[in-house]
Amino acid sequence: MNYLTKIKTNLKPQTGSALLEALFAVLIFSIGLLALIALQVVSIKNSIDAKYRADASLLINQIIAQMWVDRSNIDNYGHYQTGPVCGFTGSASANVSGWTSPVTAWLTQVNLALPGSAVNTTQILVSNSGSTKQVSVTICWKGPQETTTHNQVATAQINP
């Protein structure tokens, strides 16, 4: 046996491939785990957004129900009836000749339930539509650490 054939037979296969396979397995597992964490973050954000939308719908339905009960004073419910969406202008709903505005208490509930809402980010628009009153209620809010403003709008026709 010559020297070259002896070297060839004594060479072992290259080692370290198991370590490389283990590193790739950890890398793939880590990427999958990070994807699951990102999915969880998006899920929590969407859940919070859905809660705010449900709260806004409940609050809007409360004030519309109050207007149905108090039809004789429906014109007094108008609140910031002009201006662009979520930047409303005009006058706030106020007490009129002994009539106590339920809008003030309702606005307090809105400000407590929705983040980033303020008096001028809520609109109650009362307009005549033939023999009925058309009421449109808009609530705007901005979630914590969000740059966009969300809004919820509901419209109802109320016979005075």
Out of Val153, Val96, I need the residue that is modelled with pLDDT of 90 or more and not hydroxyl-bearing (Ser, Thr, Tyr). Which one? Val153
Restricting attention to segment 103-145, and to residues there that are farther than 13 Å from Phe88 by Cα, under 17 Å from the mean Cα position of the chain (by Cα) and free of Cβ contacts under 8 Å to residues at least 24 places away in the same chain, which single residue is surrounded by the most Cβ atoms within 10 Å (Cβ to Cβ)? Asn111
Among the residues of segment 37-54, write down those that are surrounded by 12 or more Cβ atoms within 10 Å (Cβ to Cβ) and more than 10 Å from the chain's Cα centre (by Cα). none
Among the residues in segment 84-95, are any at positive phi, surrounded by 11 or more Cβ atoms within 10 Å (Cβ to Cβ) and out of contact with any Phe, Trp or Tyr (no Cβ under 7 Å at 6 or more places or on another chain)? yes
Looking only at segment 62-73, and only at residues there that are more than 19 Å from Ile139 (Cβ to Cβ) and part of a helix (DSSP H, G or I), the one that is farthest from the chain's Cα centre (by Cα): Ser72
Pull out all pairs, ordered by first then second residue, where Cβ-Cβ is under 6 Å, the residues are six or more apart or on different chains, the first lies in segment 64-93 and is without any contact (Cβ under 8 Å) to a residue 60 or more places away in the chain, and the second is exposed (fewer than 13 other Cβ atoms within 10 Å of the Cβ) and of a type in the set (Gly, Ala, Ser). Thr89/Gly83
Please give the strands (runs of 3 or more DSSP E) falling wholly within segment 79-159 in which 1 or more residues are over 18 Å from Ser57 (Cβ atoms), of a type in the set (D, E, K, R) and in contact with a Ser or Thr (Cβ under 8 Å, 6 or more places away or on another chain). 132-141
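The values are calculated or read from the model by the stated rules, or taken from the named source; none is laboratory data. Note that the structure is predicted; figures quoted are calculated from it, not measured. Reconstructed Cβ throughout: ideal geometry from the backbone, glycine too, with neighbour counts over all protein chains shown.
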